[in-house]
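Structure, as structure tokens:
The values are calculated or read from the model by the stated rules, or taken from the named source; none is laboratory data. Being a predicted model, the structure only gives us computed values, none of them experimental. Don't worry about glycine lacking a Cβ; one is built from the backbone with ideal geometry, like all the others, and counts go over all protein chains shown. Ligands, DNA and RNA are excluded from the accessible area calculation, which covers all protein heavy atoms including side chains. Shrake-Rupley method; radii C 1.70, N 1.55, O 1.52, S 1.80 Å.
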Amino acid sequence: SDHMENICGYLMKYTNLVTGWQYRFFVLNNDAGLLEYFVNEQSRHLKPRGTLQLAGAVISPSDEDSHTFTVNAASGEQYKLRATDAKERQHWVSRLQICTQHHTEAIGKNNPPLKSRSFSLASQGSANSPSVQRRPSQNAVSFFNVGHHRLPSGKRVPIMQPDHLVDVREMMSQAEGQQRDLIRSIECLPASGHLTSLDQDLLMLKATSMATMNCLNDCFHILQLQHASQQKGSLPAGTTISWLEPKISLANHFKNGAAQNFPAEISKPASVREEQSTAEPCQLTREPEEINPDEELEDICDDKEDDLGAVEEQRSVILHLLSQLKLGMDLTRVVLPTFILEKRSLLEMYADFMSHPDLFVAITNGGTAEERMIRFVEYYLTSFHEGRKGAIAKKPYNPIIGETFHCSWRMPRSDVATDAATSSSAHSPSEQVTPPKDLEGQAEPDCYTVKFVAEQVSHHPPVSGFYAECVERKMCVNAHVWTKSKFLGMSIGVTMVGEGVLHLLEHGEEYTFSLPCAYARSILTVPWVELGGKVNINCAKTGYSASINFHTKPFYGGKLHRVTGEVKQNMTNTVVCRVQGEWNSVLEFTYSNGETKYVDLTKLSVTRKRVRPLEKQGPFESRRLWQHVTESLRDGDIDKATEHKRALEERQRNEERLRAETETPWCTKYFLKDGDGWVYHKPLWKTVSAAQTQQTDSN
């Protein structure tokens, strides 16, 4: 509160394309939580030309330059402002953010319970400007004809018996129907006018009704468990108690301004009923499945992702979401709108980082430790363009626990870069290890095969494990990643916590590495993605290391998607290679001998992965699991995609709740806990070690 000071001064305000920028005198009224502006300082005693309520607003510096910033009010109105320099902008932004946070928190603290609260449509601070007045005769209760049902005085509620659950379900169904009608009525309101869908009181009513129904559903679920335990004595292991109706999800209400259909259970598509009724994963076999690459076919699915572009038609959706978030808030449990999803799971995205398997396999062909480190850095930097699909601001599906993804790549041996120094030694009889019989015959003689498997090993926190190997070249990579997402105001940040290790068994080398952070920027205008942060790659045996910086765009100047790095020998502190460029465009490698190499990622050949057909996949393999969501997104049916997505997420929540209540631990299928990380159950370094021991014994 020491920083809650009233400030004033001239700023430039953007009006429209015709008028452009105009100087206006702005006043920050901290006591009232208002940002007002006047034509000039002399007219300050007159009525302000415009006023914004700062409670629930989002203040954000612009990516355009170091002077511009925006104030996005909860009403949907926006001021685009420009200060004289970066220092003045920072002064205004920080004071506005402090005032906004203060008054936003005050709303939650000062609002009385709903039963005694007046939902007057003439409440203070709801209008977009002083010229907008609302009719005091109307209020939210009378508009929606919402009444309160009270028990006669002195009458006590009888204790609920298990056989009354049917009556309770019927009453709850009626309440849910009324609540859906209420939500539909609010969202059908216009975005501007006397009564809008973003009205402060109506948003409060909408959120409270949703929270109430979710709470009632939780209570009803407890009654169901009690009833089941009384009927059966105890809950057998693996039992799944299905909810009669899914809880209300925020995703249901992400389409403002249009009426939605809320079909009854009987009218739901068969695919949704199948998703909701699929058995508890622990009932399925958790034995690892050996995938035969010969059953995999070259992927013909070409789901090109279009950029989100301008999100004007989804503006109310984004603003509604932002109104529920706080700076630094963990978004792990926040349900994001379906229209921002790309048509693949996060596990498949990790597989797409391997879309240049020829560069991956070529790492072990390096003739020296220095060259192998440089080749790994080259492969590492070229993986993000295809893995992230460029800078498209869409996110993959959040994998459900137990979800897996399998694929492989085949490439002619002639496509892999070799080295004269390794052509003889790498395959000499003294070093050659015969692969185990169960790994033989999986690839054509003139091809290398890289196999990939990923599994979602944890839900809270969300941790994925993935593993890839090339048996012929005796190399593999094992990694685990915990995705932590946070709300940063006008952007969303995703931190990839975890570590990967590349094993080159021919050389006895291990390379540890991490992943950069990702940011979705300008989420209220035209969203885009950039990578940021420092990444280190180390090889303890050789003493070589690499330091790579993914640079985020500064407030002024600078390029997008810039990356710089260097490879050095730690013992001598000698830099042997420098790299610069853009991770989604062109990279420039400069070597210690003065030579320069350019890699154009847009022209780099992509090897299509090989995936089993859907009919041969297990029920928890990514593409089969999410097939109905993907099909709906391809058809452009966002409502249907949301319905399928909600069914999968609801099933996961129910199963997680049941495991907690029955104290049943989750069993992973392919990855084992190893300290703070996860390791593939049958890594190549164990297989090769066993083969070497067997070969030694036979000799």
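Rg/Rh, computed from the Cα trace of region 584-684 with Rh as the Kirkwood radius, has the value 1.15. Neighbours of residue 83, meaning other residues whose beta-carbon lies under 14 angstrom from its beta-carbon, give a summed charge of +3 when Lys and Arg score +1 and Asp and Glu score -1. Counted by Cβ distance under 9 Å from residue 549, the other residues give a net charge of +2, where Lys and Arg count +1 and Asp and Glu count -1. Here is the link list: 484/597; 609/682; 343/603. Which ones come out longer than 28 Å on Cα distance? Check vs 28 Å cut-off fails for 484/597.
With a cut-off of 9 Å between beta carbons, the residues surrounding residue 369 carry a summed charge of -1, where Lys and Arg count +1 and Asp and Glu -1.
For region 7-108, with all protein chains in place and a probe radius of 1.4 Å, 51% of the accessible heavy-atom surface sits on carbon or sulfur. In whole Å, how far is the Cα centre of region 17-93 from that of region 478-510? A separation of 40 Å, based on Cα centres. Computed over protein heavy atoms with a 1.4 Å probe, the carbon and sulfur contribution to the accessible area of region 500-541 reaches 55%. At an R0 of 60 angstrom, the distance between the Cβ atoms of residue 46 and residue 602 translates into a FRET efficiency of 0.60. Averaged over its residues, region 514-662 has an accessible area of 46 Å² per residue, based on protein heavy atoms and a 1.4 Å probe.
Residues whose amide H lies under 5 Å from that of residue 472, counting only those 5 or more places away or on a different chain, are 449; hydrogens are built 1.01 Å from N in the peptide plane. Residues in region 442-493 average 26 Å² of solvent-accessible surface per residue, probe 1.4 Å, ligands and nucleic acids excluded. Here, region 7-108 yields an orientationally averaged convex hull projection of 6.6 nm² when only Cα atoms define the hull. For region 568-637, what does the alpha-carbon gyration tensor say about shape, rounded, prolate or oblate, given a ≥ b ≥ c as the root eigenvalues, a/c under 1.5 as rounded, and a/b over b/c as prolate? Prolate shape, in that a/c is at least 1.5 and a/b is the bigger ratio. Sequence-ordered 3J(HN,Hα) estimates for region 94-99 from the Karplus curve with 6.51, -1.76 and 1.60 and θ = phi - 60° stand at 5, 5, 5, 5, 5, 5 Hz, glycine and proline given as x.
Which value, in Å², gives the accessible area per residue of region 7-108 when a 1.4 Å probe is used on the protein heavy atoms?
46
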